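Chemist: Below is one structure. I have some questions about it.
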């Protein structure tokens, strides 16, 4: 039997101090304002946003606490209280969100099972995550709200925060019931080979041979080695990791940059250059997709179709610009294990979710 699923959606509406004085004395005027100016919505993600910033579902401090409570009570509707943030409070909230770019929101904290366990509203993260990109939706709505609050800060306006009960979708009763837990999957057997590193999350890396890869032709390998030799790099070996094909590793002459040639089902699929900084930063330039996530000190550059020389130059240029805040370049051990460790660090920082 189908049933309607109703969820509380949150909205922010800008108001001037003069408007608030009138709204305090008239519930009718407050209801009319909300009806005529619905404002900017964060949808059902009003508890998810502060959680993805702090990793906490309870015990939040101002100004992020204002997503879930606090402020001045102006009235109520069928979904709960209608709250007001003064221009000074709006400025504080806008400043806090300025430090959280939309494309970094949730990078370290998004974990659907953990959010269900923490009772983050609406407590159906795993179930709904099967159907659509929840994190992408949250980031998009958050970006609009962030811009809205920054604009209200510039205008020296306050905001009204309220919720509405809205029909989100319909579902069958049998679909709403929690699914029976599946038996645990049998452990994956590791391929036979010399393990060179166990990564920070238990990921293993083993010695490999790129020349044995079915898509790595002798000419491709010779050309790759020659291109790197011209840049002053030397080949330190090949390795494989869980879920990957074969990676050929090189170290620069001064030991500050690791270069990885990735061999997949189409042969040499990508080049990635990595350099560490004393302050913990990791500079990455790749002709495959990468990204910049400042909260985990990942400084990434995507240079599509770039050749190794351009990628090498980009790493040097980027790390020079970061020297004042991230420190000098770290000299790495010229070994296959060191290369695998750099790759593991990159994968860990690139990954969205709990660390």
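Chemist: Tell me whether the chain comes out rounded, prolate or oblate; compute the Cα gyration tensor, take square roots of the eigenvalues as a ≥ b ≥ c, and use a/c under 1.5 as the rounded threshold.
Modeler: It comes out prolate by the Cα gyration axes.
Chemist: Could you rank the peptides 123-132, 224-233 by their average count of other C-beta atoms within 10 Å per residue, with the highest value first?
Modeler: Descending packing order for the listed peptides: 224-233, 123-132.
Chemist: With bins 10 Å wide starting at 0, give me the P(r) of the stretch 1-52 over every alpha carbon pair, in whole percents.
Modeler: 20, 37, 29, 11, 2, 0
Chemist: Can I ask one more? Can you bin the stretch 195-350 into rounded, prolate or oblate? Criterion: square roots of the alpha carbon gyration tensor eigenvalues sorted a ≥ b ≥ c, rounded for a/c under 1.5, prolate for a/b above b/c, oblate for the rest.
Modeler: prolate
Chemist: Another question, then. Using helices alone, what [θ] at 222 nm do you get for the chain, with -39,500 (n - 2.57) per DSSP H run of 4 or more residues, divided over all residues and rounded to the nearest 500?
Modeler: -10500 deg cm²/dmol
Chemist: Can you pull the one-decimal nm distance between simple spin-label points at residue 77 and residue 4, each 7 Å off the Cα toward Cβ?
Modeler: Taking the two extended label points, one gets 1.5 nm.
Chemist: Moving on to the next point. Classify the stretch 1-109 from the C-alpha gyration tensor, please: rounded if a/c falls under 1.5, else prolate or oblate depending on whether a/b exceeds b/c.
Modeler: It comes out oblate by the Cα gyration axes.
Chemist: Here's something else I'd like to know. Using Cα atoms only, what is the angle between the long axis of helix 218-230 and the major principal axis of the chain, expressed in degrees (0 to 90) to the nearest 10?
Modeler: 80 degrees
Chemist: Also, I was wondering about something else. Looking at the chain as a GNM with Cα springs under 10 Å, which of 343, 204, 271 has the largest mean-square fluctuation?
Modeler: Result for the chain, Cα springs under 10 Å: 204 fluctuates most.
Chemist: Quick one: which of 111-119, 301-309 comes out on top by average Cβ neighbours within 10 Å, and what's the full order, highest first?
Modeler: Those peptides, ordered most packed to least, come out 111-119, 301-309.
Chemist: Still on this model: Between residue 335 and residue 291, what is the spin-label point distance in nm, taking each point 7 Å from the Cα along the Cα→C-beta axis?
Modeler: The answer from the label model is 3.4 nm.
Chemist: Can I ask one more? Any idea what the alpha-carbon Rg over 2.2 N^0.38 Å comes to for the stretch 313-354?
Modeler: 1.38
Chemist: Can you tell me the orientation of helix 308-326 relative to the chain, as the angle in degrees between its alpha-carbon axis and the longest Cα principal axis, to the nearest 10?
Modeler: Compared with the principal axis, the helix lies near 50 degrees.
Chemist: Kindly express, to the nearest 10 degrees and within the range 0 to 90, the angle between helix 27-36's C-alpha long axis and the longest C-alpha principal axis of the chain.
Modeler: So the helix axis and the longest Cα principal axis differ by about 40 degrees.
Chemist: Continuing with this model, one more query. Taking the highest mean first, how do the peptides 53-60, 36-43 order by number of other beta carbon atoms within 10 angstrom per residue?
Modeler: The packing order, highest mean first, is 36-43, 53-60.
Any read-out appearing in this document is the output of simple, stated calculations on the displayed coordinates, not a laboratory observation. This is a predicted model, so every value here is computed, not measured. Don't worry about glycine lacking a Cβ; one is built from the backbone with ideal geometry, like all the others, and counts go over all protein chains shown.
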